[in-house]
Each structure stands twice: as structure tokens, then as C-alpha cells.
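One structure below.
The values are calculated or read from the model by the stated rules, or taken from the named source; none is laboratory data. Being a predicted model, the structure only gives us computed values, none of them experimental. FYI the Cβ positions are ideal-geometry reconstructions off the backbone, even for glycines, and counts take in every protein chain you see. Side chains included, ligands, DNA and RNA excluded: accessible areas come from the protein's heavy atoms. Shrake-Rupley method; radii C 1.70, N 1.55, O 1.52, S 1.80 Å.
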Amino acid sequence: PLQSPYTLSADAYTAMANNQTGEERQALLLLAAGRLIDEGRWQESLDTLAQTRPTTSVNVDKKTIFLAKIDLMRKRPQHALKRLGSVRQVDELSNYDQILFHESLALAYKALGKPLESISERMKLEKILPQSIARDNNRRALWLALISLPKAELNTIAVESRDGSMMQGWSKLALIARKNLGHPEAMLASLQGWEEDFPKHPARSLLPQSLEDMQGYLFNRPQHIALLLPLSGPLAGPGNAVKDGFMA
């Protein structure tokens, strides 16, 4: 998770805002709203945002991003996308708010069934995320969106992307995973070729430091699988449904 920029409680920011006027008051109320969103208290954040009337472009954009984040928390991705489309001064925002902007776009696109657009936003996040844990989480989310694409679309992306680009590296790695499933020798050979072509690609962090470490996973396929589920008690219904689906 990304480190929060909020050092005080929402109540503290609100109390400070009550002693200020003008844009200083607006900025403090936005800090209170942001803190409430961080804590998952979107209803209270919405009430706080209703009190704001920012005039600077940065604070107007910040309020818009917060409202879009609340839309996502309320399962309203179309509303969030419309709001985020009105943000004009992204480069002038703090790094944290830029990350919130692109992550919100990525989540909205994903919820609306637009994985390619979501991937594009996650690639922008790759360049601005400051923490390794946050970058790793973003790469995993990017990978999950990528491998959901049809092979034909992955092929098109790989061909049309600039040679050696980040997008080409991601799409070619996804193609390797899709095309060589169940063929460990071909998978390993393809991964070795990919590493030579993309020596500094961020997706390398998803692979073992040495591809030799993957051989145990690729070549030794499990002969037995255990499925542990509750088949009695209050969770018997969901447990049996999962069992039936697994067996099917």
C-alpha cells in the first residue's frame, strides 16, 4: 500500500480549517476529506467535500479526484470516469494525488471491461510510484489485466508496439505464458529469450532471479490436489457450490 500523506486526523484538519478563510480553509478541508477516504469513510468525506468551494486549479482537480474515488467506492465506475475526464492539471498535483488519479482511472476502466485502457494507466503508474511494494502490487494488477486479453489482441499489441518498449515487453511476456502453457521446455526457452530482449523491463520482478529456479515448478507437475471447503454448518452452501464448480 502507498504511504499516506495525511499526518493528522480528519477532525484535526477540520478544526484547523474552521480557523482559516479563503483557499487555506479549502486546502485544509480537502486534507480532511482525503484522510476520511483513506479510512474508508466515504459518506463523511462526501459531507466534507460539500463544504468546499476551491478556486485554484490544483484544488479543483483534487476535489474532482476525491469525488471520483468515492464513486468507485460506491461501485459507480462510469461516474468516476466522467469526473476524471475533467481533470486538466494532473502534472501540477502532488505525486500522491497523481497516483490516486491514475489508479482511479485504472480501476474504473477495469470495472467497465476495458482492460487495455486499465493497462495503459498502470504503465503510467509504473513511472511515478515511489515504493517498491506499491510498484510490485501495480505490476501484478497490470499482469492480471494483460493475461485477460485474447491472444489475438496480445499479438496485435506486440506487433504494433515500438520495438523494445515497455508495452511490447509486457505483451510478449503474456504471449509466452498463454502460448506455452503445459509445455515447460518451450516456456523456459521463450522466457530466456525474453530476458535477453528486455533486460531492464519491470516485469522481470515477477520472475525468479534465476530462471533455473522455475524448473521445479514447470517440470514437476502435481499429481494430487487437495480442496479444503466447509461442507456443513453456515458456510455449507457456498462450500458445496465451489466444490461442484471445481469438479465440473
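A few comments on the model shown:
- In segment 85-104, of all residues being more than 20 Å from residue 40 (Cβ to Cβ) and in a helix (DSSP H, G or I), the one that is most open to solvent (accessible area, probe 1.4 Å) corresponds to 91.
- Pairs linking a residue in segment 103-116 that is at negative phi to a residue that is open to solvent by 50 Å² or more (accessible area, probe 1.4 Å) and part of a loop (DSSP other than H, G, I, E, B), with Cβ atoms under 7 Å and 6 or more positions apart or on different chains, are 115/148.
- Residue check for residue 172: modelled with pLDDT of 80 or more and open to solvent by 90 Å² or more (accessible area, probe 1.4 Å): no
- Of all residues in segment 1-48, those satisfying the criterion of being touching a Lys or Arg at 6+ places or on another chain (Cβ under 6 Å), of a type outside the set (Val, Ile, Thr) and either open to solvent by 60 Å² or more (accessible area, probe 1.4 Å) or within 22 Å of residue 101 (Cα to Cα) (or both) are 6, 10, 30.
For (1) open to solvent by less than 40 Å² (accessible area, probe 1.4 Å); (2) out of contact with any Gly (no Cβ under 7 Å at 6 or more places or on another chain); (3) part of a helix (DSSP H, G or I), each residue gets a yes or a no:
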{"site": "118", "(1), (2), (3)": "yes, yes, yes"}
{"site": "124", "(1), (2), (3)": "no, yes, yes"}
{"site": "127", "(1), (2), (3)": "no, yes, yes"}
{"site": "134", "(1), (2), (3)": "yes, yes, yes"}
{"site": "164", "(1), (2), (3)": "no, yes, no"}
{"site": "178", "(1), (2), (3)": "no, yes, yes"}
{"site": "188", "(1), (2), (3)": "yes, yes, yes"}
{"site": "193", "(1), (2), (3)": "yes, yes, yes"}
{"site": "200", "(1), (2), (3)": "no, yes, no"}
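- Taking (1) in contact with an Asp or Glu (Cβ under 8 Å, 6 or more places away or on another chain); (2) free of Cβ contacts under 8 Å to residues at least 24 places away in the same chain; (3) not hydroxyl-bearing (Ser, Thr, Tyr) in turn, residue 54 satisfies each apart from (2).
- Residue tally, condition of a type in the set (Gly, Ala, Ser), modelled with pLDDT under 85 and in a helix (DSSP H, G or I), over segment 202-224: 1
- For segment 106-116, taking the residues that are assigned to a helix (DSSP H, G or I) and open to solvent by 20 Å² or more (accessible area, probe 1.4 Å), the one that is nearest to residue 75 (Cα to Cα) is identified as 111.
- Taking residues in segment 26-49 that are within 16 Å of residue 2 (Cα to Cα), and partners anywhere that are open to solvent by less than 40 Å² (accessible area, probe 1.4 Å) and of a type outside the set (A, V, I, L, M, F, W, C), the pairs with Cβ atoms closer than 7 Å and at least 6 places apart or on different chains are 34/6; 35/6; 35/13; 36/45; 36/48; 37/45; 38/6.
- Selection within segment 136-159: residues that are open to solvent by 50 Å² or more (accessible area, probe 1.4 Å) and part of a loop (DSSP other than H, G, I, E, B). The member of this set that is nearest to residue 207 (Cα to Cα) is 147.
- Listed here are the helices (runs of 4 or more DSSP H) enclosed by segment 1-63 that have at least 2 residues being closer than 20 Å to residue 80 by Cβ: 22-38, 42-50.
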